[in-house]
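Everything on this sheet refers to the single structure shown next.
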């Protein structure tokens, strides 16, 4: 996850390598980045062999209808469970059995971890306990990182389960991101916050200027309770790295327009941002992780960064952000080779974790669906540059995303992932969570813990 999205802060410097202590490791991040750029360029532009199987339209229609019905009925049934008595246990067990059946029926995954599902439900409870006013959208954003951390635990042989540090780090993304986007309007205020936040990550005690900053600093304290600074300097070095990488990235993007970026420069930017984010997860999961596991986390972060960039491509282009996908839009190049390369990169993740790779494929499909369901852009949305970018996006998009490619991709999934933006699980989750967050989180945790 990436702190300080939208912030332009000039002059912050990050190290060429990741030095921890005199006795600790010094990770060759520049070397890893260069290797990953070359590996990306060498990936083939074709469907992975694991996705060669296709599913007929009628099966996908049936499964999609079944999943939609289950999703809406689940909350109604969960809220109707008695608060006590013998019927409560029986009804909860029935809900748990139906949930497991839906997962096994509609998601082609060989191995599933009930602990991961239980931990995500527990996280929702912890998020609500930390902030009763937290929104479903913020929880959903944070859940993405929770799942990443849990899968890292699984792949590294660490006991899988939610920890305070994973909870805290996962919440920091929406808390810092939304704070900057929604509260801080002046660049000077954003720079001031970035400096205070960095001081807090360094272990100092800057003054929080409002309740929201107090919550952000409290999340850092949660990490400190689990990992005392004197004993785990590498954890805080990792947190500072992602902070600095994000600020550097935004500073670099502000200095030149998208037409002047090369693909290699964009790859370097994406790897550094994404790699640093999951590298922090790796240290929170296991501060004594091997260099091999840390390199895998760095590679995983790059893949997840590209998936995020795909999902946000349209809005990123309007905002003037530089990614591989906005670069393609600018040059009216098809997304097809980029998406196929991304799938090949996901395929390599299966060596470490089959389940996580399958989840990545669904996130890629969701990103393509977002592009097919672009909202209309109207005059008067903002600056002239914003309107011009929006107009260009409408003109360029038919070239960027070919209907034949998305149609072919959709046949690779058991459900219609690419059919309708209204069916997106993120929207469903946020709406249901916001109606009654405490009850929703508690009931879901109880069902999945059975």
Evaluation of residue 270 against (1) surrounded by fewer than 17 Cβ atoms within 10 Å (Cβ to Cβ); (2) within 19 Å of residue 42 (Cβ to Cβ) (one fails), failing number: (1)
Some residue of region 424-436 being assigned to a loop (DSSP other than H, G, I, E, B), touching a helix residue (DSSP H, G or I) at 6+ places or on another chain (Cβ under 8 Å) and at pLDDT 80 or above: yes
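Quick grid of which residues meet (1) buried (at least 23 other Cβ atoms within 10 Å of the Cβ); (2) within 18 Å of the chain's Cα centre (by Cα); (3) under 14 Å from residue 243 (Cα atoms); (4) modelled with pLDDT of 95 or more:
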position	(1), (2), (3), (4)
143	no, yes, no, no
151	yes, yes, no, no
161	no, no, no, no
182	no, no, no, no
187	no, no, no, no
196	no, no, yes, no
205	no, no, no, no
208	no, no, no, no
Whichever residue in region 105-128 is surrounded by fewer than 19 Cβ atoms within 10 Å (Cβ to Cβ) and within 19 Å of residue 350 (Cβ to Cβ) and, among such residues, is modelled with the lowest pLDDT: 110
Residue ID - farthest from residue 435 (Cα to Cα), chosen from residues in region 132-191 that are in a loop (DSSP other than H, G, I, E, B) and in contact (Cβ under 8 Å) with a residue 12 or more places away in the chain: 158
Qualifying residue in region 313-323 (condition: at pLDDT 90 or above, surrounded by fewer than 22 Cβ atoms within 10 Å (Cβ to Cβ) and at negative phi): no
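Does residue 391 qualify as being under 19 Å from residue 326 (Cα atoms), at pLDDT 80 or above and either out of contact with any helix residue (DSSP H, G or I) (no Cβ under 7 Å at 6 or more places or on another chain) or not in a helix (DSSP H, G or I) (or both)?
Numbers: under 19 Å from residue 326 (Cα atoms): yes; at pLDDT 80 or above: yes; either out of contact with any helix residue (DSSP H, G or I) (no Cβ under 7 Å at 6 or more places or on another chain) or not in a helix (DSSP H, G or I) (or both): yes.
Yes: the conditions hold for residue 391.
Is there a residue in region 302-316 that is more than 22 Å from residue 147 (Cα to Cα) and without any contact (Cβ under 8 Å) to a residue 24 or more places away in the chain?
Step one: list which residues in region 302-316 are more than 22 Å from residue 147 (Cα to Cα), which gives 313-316.
If we keep only those that are without any contact (Cβ under 8 Å) to a residue 24 or more places away in the chain as well, we get 315-316.
Scanning region 302-316, I find at least one residue that is more than 22 Å from residue 147 (Cα to Cα) and without any contact (Cβ under 8 Å) to a residue 24 or more places away in the chain, so the answer is yes.
Yes/no matrix, rows are residues, columns are (1) modelled with pLDDT under 85; (2) assigned to a helix (DSSP H, G or I); (3) touching a strand residue (DSSP E or B) at 6+ places or on another chain (Cβ under 7 Å):
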| position | (1), (2), (3) |
| --- | --- |
| 329 | no, yes, no |
| 333 | no, no, no |
| 342 | no, yes, no |
| 346 | no, yes, no |
| 351 | yes, no, no |
| 362 | yes, yes, no |
| 365 | no, yes, no |
Residue match in region 41-57 (condition: at pLDDT 85 or above, surrounded by fewer than 14 Cβ atoms within 10 Å (Cβ to Cβ), more than 30 Å from residue 305 (Cβ to Cβ) and out of contact with any strand residue (DSSP E or B) (no Cβ under 8 Å at 6 or more places or on another chain)): yes
Condition check for residue 236: free of Cβ contacts under 8 Å to residues at least 60 places away in the same chain and buried (at least 20 other Cβ atoms within 10 Å of the Cβ): yes
Single match in 71, 90 (criterion: more than 17 Å from residue 418 (Cβ to Cβ), assigned to a helix (DSSP H, G or I) and either in contact with a helix residue (DSSP H, G or I) (Cβ under 9 Å, 6 or more places away or on another chain) or touching a residue at least 12 places away in the same chain (Cβ under 8 Å) (or both)): 71
In region 270-315, the residues that are touching a strand residue (DSSP E or B) at 6+ places or on another chain (Cβ under 7 Å) and more than 23 Å from residue 39 (Cα to Cα): none
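The values are calculated or read from the model by the stated rules, or taken from the named source; none is laboratory data. Note that the structure is predicted; figures quoted are calculated from it, not measured. Virtual Cβ from ideal backbone geometry, glycine too; neighbours counted across all protein chains shown.
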